[in-house]
Amino acid sequence: MSPRAVIRLRHAGSYLVLTVAAIIALFPILWTLSTSLKQIVDALSIPPKFVWFHYTLHNYSKLFHTPGFGPAYVTTLEVTFGSALVTVVVGSLAAYPIARRWRFLGRRPLEASLVIIRAIPPIVLLVPLFSLVINHGLYDRPLTLVVVYAAFNLPFAVWMMVSFIQQIPYELEESGEVDGANRLRILGHLVLPLAAPGLAATTILVSLIAWNEFLIPLVLAGNNTRTLPLLISTFVQTRTVDWGVMAAGATVAILPIAILTVLAQRSLVSGLGIGGVKQ
Amino acid sequence: MTAQAGGLPAPSTPGGTEPVARPGRELRPERGLRTWLRRKLPLVAFTLPAWVLVVLVLAIPIVTAVSLSLKNETLDLFGSPRYIGFQNYRTDVFTSTFLHSLVVTVIIIVIGLAIQLPLGLWLAGLLHRELRGTRLFRSVLLMPMLLTPVAVGLMWRFMFNSDLGIIDWFIRTVGLTQVNWLGSVYGGFASVLIVNSWQNVPFVMLFMLAGLQALPKEPFEAAEVDGAGVWQSFRYITLPLLRSVLLIVTMILIVEGFKLFDIVYVITAGGPGTATQNVSLLDYRVGFTDLDTSQGAAIGVVMALMLTPVYVLWARATAE
């Protein structure tokens, strides 16, 4: 075989593997979407119907009329964006002096605490948190969820912002110092605008993790603050599982993320590489 | 400090965090309280909000957990709980149930690593060739790791269904032996591992891809000149150079293995029986199904202590 043919063959092999992997990655997502658009007969039919079936939005209308769906959706949005805002603001503030390698009181302990938050299994903290939250009348409040989500996501935000801030040359800040601006102004007017893409990536990623959060609301949310993942998980606990409605619920949860993944690929990839993120 | 890999020093990101000039030196070491107040206090102030979160959600709960674990507090106990010393640890933590859940956790982590590391590295290698369409493949392939675990877990559960599920239909059509996915011990482990890998392989892939892109080109060119094959250059150049990235990914996957909850909760619920009940799920059950707060706290304290080597390694790495 000529070397050219070898290269061609190797390319073909690469594409084959990548295509198979892509099918495995996408299939459950597409299957969820298609199940959500089926009537129950089609959803359970053997052999399965992939494309040719009677399309219906019945499952979605049932989902939207499920008691608690509307409030759960609103709560999820509130808590997701509320906590993302807190995480990004608090994280950027803390990231700034860490990124600039300044020595200051409490630097090492803070870094160590962030590592522990990242590595400790959440349930370890949630057992005592539940007890604390109950005793202080904070159970079933959106604000409680916002604070706890924000704390658990803080390490990602700090580490991501540290690396983005470090890409901004320090010389630019010196000009600000000469003008007599204080550090907070330098951060707000000089550093963060330059780190805007990083700020966006951090916000997107932190919102995503918050949107997916399950164990925290499972422990700390009551009837008034039930989130979307919680609501979806209850669909199988009822004795007869309505797979169509469940698929509709899953689609509502994952479709925004799937679209976001394609649209914001660049900033997600940069952020994921830095934050070492897993949900 | 490179922040990549969650605070670990790794081969720099593509795009490169060039070592910045050490600005610490700009702040001259002046002595005196006034200088300290003017120079350093603002820096501490930047971290205060972060400290508030750390104290509320890490420090106070840990102290509370230790204190709870020494009491006999339950959620349905009327009257005030009292201190009972280490009884919870003696009688309730080191039980066969706990040890079993520990074994389950380790099995899921070890087999998970054996599946996810090679697959992730392989896919990263393919993406690294930068064939046409790589960007599209990359965004499709990383999707599973970002999706709501509960939602995809439930869908997989539907697909694993033994009569109506599409996976069984596929197996029957191809002519393989059927697997009782959710009703048998092996099936339960397999389904958890499949879904876990489906979400973790993209993560490994992305991480390895960043690692590969940061490698120097010269050794590979030299090897090619010397007539090394694909496998040889992978075995003797790529792998050794990727060692630190591999270690980081392994550590993160171990941490995530201990945290694993959502998927197990919705797919097998720890079943059949308690066959796939890992430590996180056990701790949740003890604390919130059995309503035994003190025992739950004791198990949690032991779990947290078991991960001590990880905190130390990780924190030491951030210090560099």
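The values are calculated or read from the model by the stated rules, or taken from the named source; none is laboratory data. Computed from a prediction, not measured in an experiment: that's the story for all the values here. Here the Cβ is made from the backbone with ideal geometry for all residues, glycine too, and neighbour counts use every protein chain on show.
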Given the conditions (1) at positive phi; (2) in contact (Cβ under 8 Å) with a residue 24 or more places away in the chain; (3) small (G, A, S), every one holds for B:A269 apart from (2)
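For (1) buried (at least 16 other Cβ atoms within 10 Å of the Cβ); (2) more than 29 Å from B:V54 (Cβ to Cβ); (3) in contact with a strand residue (DSSP E or B) (Cβ under 7 Å, 6 or more places away or on another chain), each residue gets a yes or a no:
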residue	(1), (2), (3)
A:F53	yes, yes, no
A:K62	no, yes, no
A:H65	no, yes, no
A:V88	yes, no, no
A:G91	yes, no, no
A:P109	no, no, no
A:I123	yes, no, no
A:V146	yes, no, no
Any idea which residue in the range B:296-320 is farthest from B:V63 (Cα to Cα), counting only those that are modelled with pLDDT of 85 or more and not hydrophobic (A, V, I, L, M, F, W, C)?
B:P309
Is one or more of the residues making up the range A:190-199 at the interface with chain B (Cβ under 10 Å from one of its Cβ atoms) and assigned to a helix (DSSP H, G or I)?
no
Exactly one of these conditions fails for B:I252: (1) more than 25 Å from the chain's Cα centre (by Cα); (2) touching a residue at least 60 places away in the same chain (Cβ under 8 Å). Give me its number.
(1)
Return yes or no: is A:A99 modelled with pLDDT under 95, closer than 15 Å to A:M246 by Cα and in contact with a helix residue (DSSP H, G or I) (Cβ under 9 Å, 6 or more places away or on another chain)?
no
Do you know which residues across the range A:255-270 are buried (at least 16 other Cβ atoms within 10 Å of the Cβ) and either out of contact with any Lys or Arg (no Cβ under 8 Å at 6 or more places or on another chain) or over 19 Å from A:F156 (Cα atoms) (or both)?
A:L255, A:I257, A:A258, A:L260, A:T261, A:A264, A:S267, A:L268, A:S270
Could you run through the range B:218-246 and say how many residues are assigned to a helix (DSSP H, G or I) and free of Cβ contacts under 8 Å to residues at least 12 places away in the same chain?
12
Name the residue, out of B:V255, B:V230, that is farther than 30 Å from B:V66 by Cα and facing chain A (nearest Cβ under 9 Å).
B:V230
Tell me the helices (runs of 4 or more DSSP H) entirely within the range B:141-217 that contain at least 2 residues that are touching a residue at least 60 places away in the same chain (Cβ under 8 Å) and either more than 7 Å from chain A (Cβ to nearest Cβ) or of a type in the set (S, T, Y) (or both).
B:149-160, B:185-213
Suppose the filter is farther than 27 Å from A:A221 by Cβ and more than 8 Å from chain B (Cβ to nearest Cβ); does A:F104 pass it?
no
Hey, A:L30 surrounded by 12 or more Cβ atoms within 10 Å (Cβ to Cβ), facing chain B (nearest Cβ under 9 Å) and at pLDDT 90 or above or not:
no
Quick one: which of B:A114, B:A50, B:A45 is at the interface with chain A (Cβ under 10 Å from one of its Cβ atoms), without any contact (Cβ under 8 Å) to a residue 60 or more places away in the chain and surrounded by fewer than 16 Cβ atoms within 10 Å (Cβ to Cβ)?
B:A45
Got at least one residue in the range B:281-303 being within 17 Å of the chain's Cα centre (by Cα), more than 9 Å from chain A (Cβ to nearest Cβ), buried (at least 22 other Cβ atoms within 10 Å of the Cβ) and outside any helix (DSSP H, G or I)?
no
Can you pull out the residues in the range B:121-137 that are at the interface with chain A (Cβ under 7 Å from one of its Cβ atoms), surrounded by fewer than 22 Cβ atoms within 10 Å (Cβ to Cβ) and in contact (Cβ under 8 Å) with a residue 60 or more places away in the chain?
none
Scanning the range A:215-253 residue by residue, the ones that are buried (at least 24 other Cβ atoms within 10 Å of the Cβ) and not in a helix (DSSP H, G or I) total 1
Can you list the helices (runs of 4 or more DSSP H) found entirely within the range B:37-131 that contain at least 3 residues being over 19 Å from B:M306 (Cα atoms) and of a type in the set (G, A, S)?
B:96-128
Test result for B:T148, of a type in the set (S, T, N, Q) and surrounded by 22 or more Cβ atoms within 10 Å (Cβ to Cβ):
yes
A:P71 vs. criteria in a loop (DSSP other than H, G, I, E, B) and of a type outside the set (S, T, N, Q):
no
Among (1) at the interface with another protein chain (Cβ under 7 Å from one of its Cβ atoms); (2) out of contact with any Ser or Thr (no Cβ under 9 Å at 6 or more places or on another chain); (3) closer than 30 Å to B:I248 by Cα, B:R316 falls short only on (1)
Out of A:S83, A:S61, I need the residue that is outside the structural domain of A:A247 (by TED's automatic domain parsing), over 18 Å from B:G165 (Cα atoms) and part of a helix (DSSP H, G or I). Which one?
A:S61
Exactly one of A:A112, A:A151 is in contact (Cβ under 8 Å) with a residue 12 or more places away in the chain and either assigned by TED's automatic domain parsing to the domain that holds A:A200 or part of a helix (DSSP H, G or I) (or both), and that one is A:A151
